[in-house]
Amino acid sequence: MNILSHDETKTVKVETRVRKCLSATKSRLKNLRERREKLNEQVKQNEEWLQRTQDEIKMMDAANGSFNVQTFLNVYETSCSNEIHVKELQQECKYYKKCLQNYESQRKREKR
């Protein structure tokens, strides 16, 4: 009646395998929880970085909106125009200065 007898060694082997599997599962679960926590922290950091980047882009867009290329070109054109006008006025000033010098010279000659 060996067939009906209970084999204690098989039961011990099965229990040992179940314990090892359970221990490995618990360890794996612990590792997965730690990994999830790290990933959640990384997600939080990435969200903060994304928000800062979006805020910086908005600020740059606002700055570009208030001082865009067209505004720069208008300022540059006005500056060049003013520079030309200044040069013309300087030439005119030189002309009148010479005229004044000539007039003063002529006046001195007349006094003599």
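Bear in mind that the values in this text are calculations on the coordinates, not laboratory data. Just so it is clear, the model here is predicted, and its values are computed rather than measured. Positions of Cβ are generated from backbone atoms using ideal geometry, with glycine treated the same way; all protein chains shown enter the neighbour counts.
A few points about this structure:
- Helix 69-111 vs. the chain, principal-axis angle (Cα, 0 to 90°, nearest 10): 20 degrees
- Reference-scaled alpha-carbon Rg (2.2 N^0.38 Å with N residues) for the chain: 3.49
- C-alpha long axis of helix 8-66 to longest principal axis of the chain, angle in °: 10 degrees
- Pair Asp7, Lys111: separation of 7 Å Cα→Cβ label points (nm): 14.1 nm
- Highest-MSF residue in the chain out of Asn31, Asn82, Asn102 [GNM, Cα springs under 10 Å]: Asn102
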